[in-house]
Amino acid sequence: MIKGVANIIFGLLYSFLGILILMKHWFLVELNKTAALSLGILFIVYGIFRIYRAVKSIRNQNYN
């Protein structure tokens, strides 16, 4: 249960970081528009994927 909640928190952080990259065009170095768009979307998708896996894991634990 705690691992699932931690995964949700990290998923939210990854998504927030992706949004920040899209807005500021920066991730440790200045990024051009294409790199910022690609990296930002990648972070957001990975964050959503982590949240999905955590919710699925928590639901499976509750049903067992």
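The values are calculated or read from the model by the stated rules, or taken from the named source; none is laboratory data. Small disclaimer: the values here were computed from a predicted structure and weren't measured. Here the Cβ is made from the backbone with ideal geometry for all residues, glycine too, and neighbour counts use every protein chain on show.
Odds and ends about this structure:
- Qualifying residue in region 8-16 (condition: of a type in the set (A, V, I, L, M), out of contact with any Gly (no Cβ under 9 Å at 6 or more places or on another chain) and touching a residue at least 24 places away in the same chain (Cβ under 8 Å)): yes
- Considered as a group, the residues in region 1-50 that are under 30 Å from Q61 (Cα atoms) and charged (D, E, K, R) include one that is surrounded by the fewest Cβ atoms within 10 Å (Cβ to Cβ), and that residue is K3.
Here is a yes/no grid of residues against (1) at pLDDT 90 or above; (2) acidic (D, E); (3) over 10 Å from the mean Cα position of the chain (by Cα); (4) in a helix (DSSP H, G or I):
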position: L17; (1), (2), (3), (4): yes, no, no, yes
position: M23; (1), (2), (3), (4): yes, no, yes, yes
position: T34; (1), (2), (3), (4): yes, no, yes, yes
position: S38; (1), (2), (3), (4): yes, no, yes, yes
position: F43; (1), (2), (3), (4): yes, no, no, yes
position: R50; (1), (2), (3), (4): yes, no, no, yes
position: A54; (1), (2), (3), (4): yes, no, yes, yes
position: N60; (1), (2), (3), (4): no, no, yes, yes
